[in-house]
Every structure is written in C-alpha cells, then in structure tokens.
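The values are calculated or read from the model by the stated rules, or taken from the named source; none is laboratory data. Remember, it's a predicted structure, so these values are computed and weren't measured experimentally. So basically every Cβ, Gly included, is an ideal-geometry build from the backbone, and we count neighbours across all protein chains shown. Only protein heavy atoms, including side chains, enter the accessible area calculation; ligands, DNA and RNA are left aside. Shrake-Rupley method; radii C 1.70, N 1.55, O 1.52, S 1.80 Å.
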Amino acid sequence: EMTKEIIQTKNAPEAIGTYSQAVKTGNTIYLSGQIALDPQSMQLVEGIEAQIHQVFKNLKSVVEASGGKLSDIVKINIYLTDLSHFALVNTIMGEYFMKPYPARAAVGVASLPRNALIEADGVVGVVGVLALRIRGAGDAG
C-alpha cells in the first residue's frame, strides 16, 4: 500500500483549497503550485520581480519543511501569464539554484489564481534514501 506523508509549514502560504502544500510518497515529494502570496498576510506581493522571488521563497520553505533543500528539486514547472518575463525568471532563478540545475518547463498561461503573474511547482527527489535503496537492491541477487 502506498503511504503518503503530508508536508505542511507556516513559512509558506497555507493551502487555500482541496490540496496540500506538498505530498511525500516513497522517495519523491510533489510540491503544489506556489503563487507569490506572502505567508503572513496571505496577500499577493506587488510586481513581477517581487513575485518571482516570493514564489521561490515559498517553494524553498515547503522543501525545507520536508527535510530537503532547493537543490533536491529534480523538476520545476513555471507558469507565466507573460512569457516576456521569462528572462527575468531565468536570472532570479540563478540566485536560488546552482548547477546541476533541475529539469524545467516554462509555460505561458492565460491567467493564474488571484491574478498572479507567476506560479511554480516541482518534484523533489530524496536522493540519500534513493541511493541507499539502489545500492541495497543488488545485494539480494
């Protein structure tokens, strides 16, 4: 039977709807989409630059609550209401991620919740546990 661990932190916006901030199953953590809500006020921060930073900060808080760090993200999906902001996303993302970078998709969308300009979600790989299991798997043969 698959076990699911729900990840929750007050350092990221509380889930406003029928979802969890993140769900861990096996060696994988699935991060729900984050828009640029300030976790304390639950208000959207102003302007594209501030929104990009807030989205990465929110994702970072959820990943850290799961016991991981941003560098453990293996795939990130970024949704933008205006793809002309993509260069700025790329620049700011460089402040939060170092090589090797995660796999990424960037998608232009018509609109986002609360009229946000950016949303991002991701998948985290729990590497230590995974490496251990793979190493142990060959021993049985």
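Computed from the C-beta positions of residue 99 and residue 5 and an R0 of 25 Å, the FRET efficiency is 0.25 to the nearest 0.05. Applying a length cut-off of 24 Å (Cα extent along the axis) and a mean Kyte-Doolittle floor of -0.5 to the DSSP H helices of the chain leaves 48-65. Dipole check for the chain: with +1 at the C-beta of Lys and Arg, -1 at the C-beta of Asp and Glu, and the Cα centre as origin, the magnitude is about 380 Debye. A 1.4 Å probe run over the protein chains yields, for the chain, 58 Å² of accessible area per residue, whole-number rounding. A Cβ-based charge dipole, computed about the Cα centre of the range 28-81 with Lys and Arg at +1 and Asp and Glu at -1, lands at about 200 debye. If the limit is 19 Å between Cα atoms, which of 10/60; 24/99; 10/99 go over it? Pairs exceeding the cut-off: 24/99; 10/99. Stretching residue 84 away from residue 25 to a fully extended chain increases their span by 17.7 nm, per 0.36 nm per residue minus the current alpha-carbon distance.
Placing unit charges on the Cβ atoms of the charged side chains and taking the dipole of the chain about its Cα centre, the candidate lying farthest along the positive direction among 110, 39, 11 is 11.
Exposure check, 1.4 Å probe, all protein chains in place: residue 19 carries approximately 100 Å² of accessible surface. By the rule of a C-alpha distance below 20 Å, with chain neighbours fewer than 8 residues away ignored, the aspartates and glutamates paired with residue 57 are 14, 38, 46, 49, 72, 95, 119, 121.
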